[in-house]
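Structure record follows, encoded as structure tokens.
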Amino acid sequence: GEVVAVVGKNGAGKTTLINHLNGLLLPTRGEVRVKGISTKRRSPFELCRTVGLVFQNPDHQIFSDTVRKEVSFGPKNFGVAQKEIEERVSEALTAVRLKGLEEDDPLMLPKGGRQKVAVASILAMRPEVLVLDEPTTGLDYDETVALMELVRELNKEGHTVVLVTHTMWVVARYAHRAVVMDEGKVVADTTPPALFANPSLLESAGLTAPEIATLSNDFLGKTLLSAGELAYCLEAR
């Protein structure tokens, strides 16, 4: 039920970790369990019913010549009836605000649009867990906010979200929990306020706190995560 941000420097193991969650990779030792069952005992086809993964680059995921075909591919392969496929496609495209673009070529859309098509294609399979690998890469601020507000709404509707990101203000604004990785290991499992209040952890993990968190730490002695929080505290003083 959480939005969990997986963070760390390049090469820390973030993408490798999340590729284990739906069986794209299998552990060479130890065990990965999804809903209590080892991924070695379930195929990627079975796992993707529970865990939907959106790649960092949507162009590595999109292959159909229309948005409708792309979004309907997953449920069609699950054997879903045609009428329900149409309902799922409509529901998913409405969720990502791409309704009306069903016959467009998804690869001709701008980066933000292609990212939304990739998310919609996963939503149409109705997984319990949505895993997004650097979903805001290449998006401007407005596109990032639009995508993350969608993620927030999906979380409110019951999807667990695992988010790999280097964008710390996204972690501050949207994540309930932050898992910090370094050299293939989890070095911290904490909340965003606790993460941004810990300069030694940030430095060792190659992370930089958002400007508001840095300002509030330096001048107010407390970690704030948004402009609204900062304004409220300054007015209260």
Accessible carbon and sulfur surface of the chain relative to its total accessible area, %, 1.4 Å: 52
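Which order, highest average first, do 11-19, 158-166, 38-46 follow once you tally other Cβ atoms within 10 Å for each residue and take the mean per peptide?
Values: 11-19: 17.7, 158-166: 19.6, 38-46: 13.3.
Packing order, densest peptide first, comes out as 158-166, 11-19, 38-46.
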Test item: Cα-centred dipole of the chain, Lys/Arg +1 and Asp/Glu -1 on Cβ, debye: 880
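Using mean Cβ contacts within 10 Å as the protection proxy, how do 192-199, 96-103 order, highest first?
Details: 192-199: 19.4, 96-103: 15.5.
So the order, starting with the most tightly packed, is 192-199, 96-103.
Heavy-atom accessible area per residue, the chain, 1.4 Å probe: how many Å²?
On the way: 12060 Å² over 237 residues.
Averaged over the residues of the chain, the accessible area is 51 Å².
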Proximal aspartates and glutamates relative to Lys222, as straight alpha-carbon distance under 14 Å, when same-chain residues fewer than 8 apart are discounted: Glu211
Kirkwood hydrodynamic radius of the chain, from inverse mean 1/r over distinct Cα pairs, in Å: 18.9
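Within 10 Å, count the other beta carbons around each residue, average over each peptide in 177-184, 202-209, and list them highest first. Walk me through the numbers before you get to the answer.
On the way: 177-184: 18.6, 202-209: 17.0.
The packing order, highest mean first, is 177-184, 202-209.
Taking the stretch 26-109, how many lysine pairs are there with alpha carbons less than 22 Å apart, if each pair must be eight or more places apart or span two chains? It would help to have the intermediate numbers written out before the result.
Values: Lys69/Lys83; Lys69/Lys99; Lys76/Lys99; Lys83/Lys99.
Within the stretch 26-109, the lysine pair count is 4.
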Only Lys, Arg (+1) and Asp, Glu (-1) charged, at Cβ; the stretch 1-105 dipole about Cα centre in debye: 760
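The values are calculated or read from the model by the stated rules, or taken from the named source; none is laboratory data. All values derive from a computational prediction rather than experimental measurement. Counting neighbours? That spans all protein chains shown, and the Cβs are built from the backbone with ideal geometry, glycine included. Note: accessible area is taken over every heavy atom of the protein model, side chains too, but ligands, DNA and RNA are not part of it. Shrake-Rupley method; radii C 1.70, N 1.55, O 1.52, S 1.80 Å.
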